[in-house]
């Protein structure tokens, strides 16, 4: 089961480019981004250890069940609504960003709203499946796409366009202190463990988290590649001229052999798989949080057929996402992404410490019962 924990961690890691993390980091390439990248795996590793240690005390339980053990229902509903809105915002930004990328780089004459509608319907269908089924979907997509991700990284590093001097120039600014936004951008890639807020339900009672040290290490390597490769290809000054930075980077790469000449096509194929999967997982978590607001909600991680309320909640989520698409432009997406990254980091640090403290309370409660 440890592999499923790693899948949830790394879908967040590989999807960071859809939330404009590389853009915010490269804007601050001389103003703290390097130090933020160096500090983030340390903080991220501590948070990972605290959160997984806390969730391990509550086997087969998600956030709604855990907080219900300690707090009244009205407070739990407020907390679950807040978490649902946070995750719903991130998935809305991802699916909106990908619709823009497809329209701009692949089909400029296409209808952006029609493309987004198709993507959203696919994600909605997947998100309404059972928790166990979503786990299987995540596993299949990552296994199929990890070789392509490795190929893209290999071609990016070994391209003749790569300027190592530009990378060294930026790396020398490691002493600059990062802003809150820059640090939050670097931290996003290490917070995939928060998916266990719902998916902890499918882990067995005797489950133990293993190899936790490897998660932040791999994520750190991905973050380094995400940040430095575009700088090496575009240069220290031109790199900030692109909002969707990695799409422009992939578009600058070519393959000498094969029937596909532009690396962009492979990149978009990988990104559509990752973004749809990220949205499916995120919407499923949001769906479970909202379902927990209903009285007498029964948790079934392997339900054969989604209940009617799942479709009703999902319809509301689709409408809200589509309205967001109509009401914002590209600059607004950048601004919302910046605000979201800061709020998300603060909330996840808070919930991580909170769950860890609650786990200690439960342990002490058992010890008192045993001594009595």
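The values are calculated or read from the model by the stated rules, or taken from the named source; none is laboratory data. For clarity, every value in this text was computed on a predicted model and none was experimentally measured. Positions of Cβ are backbone-derived with ideal geometry, glycine not excepted, and every protein chain shown enters the neighbour counts.
For the range 131-154, the set of residues classified as within 20 Å of residue 229 (Cα to Cα) and either in contact with a strand residue (DSSP E or B) (Cβ under 9 Å, 6 or more places away or on another chain) or without any contact (Cβ under 8 Å) to a residue 24 or more places away in the chain (or both) consists of 146, 147, 150, 154, listed by residue number. Within the range 53-72, identify whether any single residue is loosely packed, with under 15 Cβ neighbours inside 10 Å, over 27 Å from residue 218 (Cβ atoms), under 23 Å from the mean Cα position of the chain (by Cα) and modelled with pLDDT under 90, and answer yes or no. Yes, the range 53-72 has at least one match.
So which of 260, 343 ends up being outside any helix (DSSP H, G or I) and surrounded by fewer than 17 Cβ atoms within 10 Å (Cβ to Cβ)?
On inspection, the qualifying residue turns out to be 260.
Flag set for residue 227, criterion: in contact with a helix residue (DSSP H, G or I) (Cβ under 9 Å, 6 or more places away or on another chain), in a helix (DSSP H, G or I) and more than 23 Å from residue 138 (Cβ to Cβ). Within the range 196-236, the set of residues being closer than 15 Å to residue 59 by Cα and within 15 Å of the chain's Cα centre (by Cα) comprises 196, 197, 198, 199. Hey, can you tell me all the residues within the range 233-257 that are surrounded by 15 or more Cβ atoms within 10 Å (Cβ to Cβ), closer than 30 Å to residue 137 by Cβ and in contact (Cβ under 8 Å) with a residue 60 or more places away in the chain? Selection gives 243, 244, 245, 246, 247, 249, 250, 251, 253. Of the listed requirements (1) surrounded by 19 or more Cβ atoms within 10 Å (Cβ to Cβ); (2) more than 16 Å from the chain's Cα centre (by Cα); (3) outside any loop (DSSP other than H, G, I, E, B), residue 168 misses just one: (1). Within the range 149-165, the set of residues being buried (at least 16 other Cβ atoms within 10 Å of the Cβ) and under 30 Å from residue 2 (Cα atoms) comprises 149, 152.
Remark: pairs (first residue in the range 282-299, under 23 Å from residue 11 (Cβ atoms); second residue in a loop (DSSP other than H, G, I, E, B); Cβ separation under 6 Å; 6+ apart in sequence or on different chains) = 291/297. Candidates 276, 293: the one that is assigned to a loop (DSSP other than H, G, I, E, B), over 16 Å from residue 156 (Cα atoms) and out of contact with any strand residue (DSSP E or B) (no Cβ under 9 Å at 6 or more places or on another chain) is 293.
Would you mind stating whether residue 186 is buried (at least 17 other Cβ atoms within 10 Å of the Cβ), part of a helix (DSSP H, G or I), under 20 Å from the mean Cα position of the chain (by Cα) and touching a residue at least 24 places away in the same chain (Cβ under 8 Å)?
Values: buried (at least 17 other Cβ atoms within 10 Å of the Cβ): yes; part of a helix (DSSP H, G or I): yes; under 20 Å from the mean Cα position of the chain (by Cα): yes; touching a residue at least 24 places away in the same chain (Cβ under 8 Å): yes.
So residue 186 fits the description; yes.
Looking across 333, 299, 349, 357, one residue alone is under 25 Å from residue 66 (Cβ atoms), out of contact with any helix residue (DSSP H, G or I) (no Cβ under 6 Å at 6 or more places or on another chain) and modelled with pLDDT under 85. It is 299. Scoring residue 76 on the criteria (1) surrounded by 17 or more Cβ atoms within 10 Å (Cβ to Cβ); (2) over 15 Å from residue 197 (Cα atoms); (3) more than 17 Å from the chain's Cα centre (by Cα) leaves a single failure, condition (2). Listed conditions (1) farther than 18 Å from residue 101 by Cβ; (2) at pLDDT 90 or above are all met by residue 230, apart from (1). Only a single criterion out of (1) closer than 28 Å to residue 339 by Cβ; (2) free of Cβ contacts under 8 Å to residues at least 12 places away in the same chain is not satisfied by residue 114, namely (1). Restricting attention to the range 302-313, the residues that are in contact with a helix residue (DSSP H, G or I) (Cβ under 7 Å, 6 or more places away or on another chain) and touching a residue at least 60 places away in the same chain (Cβ under 8 Å) total 2.
When you scan the range 116-164, how many residues do you find that are in a loop (DSSP other than H, G, I, E, B), touching a helix residue (DSSP H, G or I) at 6+ places or on another chain (Cβ under 6 Å) and closer than 20 Å to residue 11 by Cβ? Please lay out each step first, then the result.
Narrowing the range 116-164 to residues in a loop (DSSP other than H, G, I, E, B): 128-130, 158-163.
Of the ones still in play, those that are also touching a helix residue (DSSP H, G or I) at 6+ places or on another chain (Cβ under 6 Å) are 128, 161-163.
Subsequent filtering for residues that are closer than 20 Å to residue 11 by Cβ retains 128.
The number of residues fulfilling the criteria is 1.
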